[in-house]
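Inspection log for the structure reproduced underneath, given as structure tokens.
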Amino acid sequence: MTSGPGTPVAAPGPESFPVRIRLETPGDEPGVRHVNLAAFTGPEEADIVDRIRREAPEGWHSLVAVGAPDGPADGVVVGQLLLSPCRVEDADGDLVATVLAIGPVAVLPELQSRGIGSALMSSAMGLAIARAVPALVLLGHPAYYPRFGFGSARTVGLEPPAAAWPDAAWMARLLPAWTDAMRGTVRYPEAFEPLA
């Protein structure tokens, strides 16, 4: 599976759906909002994406999956993944690193389990490595994300912003720029407060 910018991607499997993964561009906003509203039960995730886009914190990225050329959804946004910069603070509140939080990850319900989420995740990891991000973090389904190299965030020294976040769902993937001096508490942007 290749997933470089603008490269068509089709995950292995009999029912994969061909997409191109690229950075969100102006004009994608309505499609991104539609995907998030369709994929989740409420508007919170779509609102987070809109707010992060509006506030544009340094280091944020929105990846979109669009139907591959000449495919059944040619150029249509069918999936989206948000990467948000998060401070990692030591016990004194000093900055020790900036990591990227993955999420929301959204795919149109009728196209889920067809490789689109995997293509978005692969592209996100490649982008993070290329930009020397030390780690990716997320609060997600513990049966899904380990296939991408995610494991317990607390075990590697990354505490969640809220102690109530369950160990199994609070995950991290350490990247080549990681050092053990980067341990601490991850602070999400304020846009995520509705889900905290």
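Values for this structure:
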item: Virtual spin-label span in nm between residue 22 and residue 113, 7 Å along Cα→Cβ; result: 3.1
item: Förster radius 30 Å - calculated FRET efficiency between residue 132 and residue 91, Cβ distance, rounded to 0.05; result: 0.75
item: FRET efficiency, 1/(1 + (r/R0)^6) with R0 35 Å, evaluated for residue 181 and residue 76 via beta carbons; result: 0.20
item: Between 0 and 90°, nearest 10: helix 116-130 axis offset from the chain longest Cα axis; result: 50
item: Prolate/oblate/rounded call for segment 109-187, Cα gyration tensor, a/c under 1.5 rounded; result: oblate
item: Solvent-free Debye scattering, log10 I(q)/I(0), computed from the Cα coordinates of segment 37-127 at q = 0.17, 0.26 Å⁻¹; result: -0.79, -1.34
item: Segment 63-90 residues near the modelled residue 190 label - backbone nitrogen below 19 Å, point 7 Å along Cα→Cβ; result: 84-89
item: C-alpha long axis of helix 44-55 to longest principal axis of the chain, angle in °; result: 80
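The numbers here are math on the coordinates, done by the rules we state, and not lab data. Keep in mind that what you see is a predicted model, and the values were worked out from it rather than measured. Reconstructed Cβ throughout: ideal geometry from the backbone, glycine too, with neighbour counts over all protein chains shown.
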